[in-house]
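In what follows, a structure is listed as structure tokens, so that the remarks can point back to it.
What follows draws every value from the coordinates through simple rules; no lab data is involved. The shown structure was predicted, so the numbers you read here are calculated from the model rather than taken from an experiment. Counting neighbours? That spans all protein chains shown, and the Cβs are built from the backbone with ideal geometry, glycine included.
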Amino acid sequence: MIKHSIEINRPAEEVFAYLDQLDRHSEWQGSLVSAKVETDGPTRVGTRVLERRNVPGGARDIPYEITEHQPPRKVSFRGTAGPVRPVGTVTVQPVSESSSRLALELDLEGHGIGKLFAIFARRQAAKQVPQDNEKLKQVLESGGARSASS
């Protein structure tokens, strides 16, 4: 299990609202090429997303769905296909009126031949997650999350 947290100088509601824009995750996730929301309406339990990620061996499609959604504090997700599937939870807790702590718990589950690949995928993700969270912090604190959502 990969665990990482970071304090962000933005209100928890703003952080969560940006995270809820699933098609914008490529703005801060380095390995993410694109994310296409396949369901209509706002993010909720059952929302399905198809991500295209650069992984060792080339770009791969990674489908997942939202399994828990409690705005503005918690969202969980689970991969729905493929040899290596993400399973995780993100929580956003207020630290003060103007800052919050984002915490991610992530595992990569191997299925079939993916059980071998999952070991390497976890190692890569353990390096990538802190970098991605730092980029998320930069985007939010610079106001970039608001400007592109207008």
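Worth pointing out:
- Unmet criterion (only one of (1) surrounded by 15 or more Cβ atoms within 10 Å (Cβ to Cβ); (2) closer than 15 Å to residue 28 by Cα; (3) over 17 Å from the mean Cα position of the chain (by Cα)) for residue 146: (1)
- Failed condition for residue 36, given (1) out of contact with any strand residue (DSSP E or B) (no Cβ under 7 Å at 6 or more places or on another chain); (2) under 27 Å from residue 143 (Cα atoms): (1)
- Any hit, segment 73-83, residues being among the hydroxyl-bearing types (Ser, Thr, Tyr) and touching a strand residue (DSSP E or B) at 6+ places or on another chain (Cβ under 8 Å): yes
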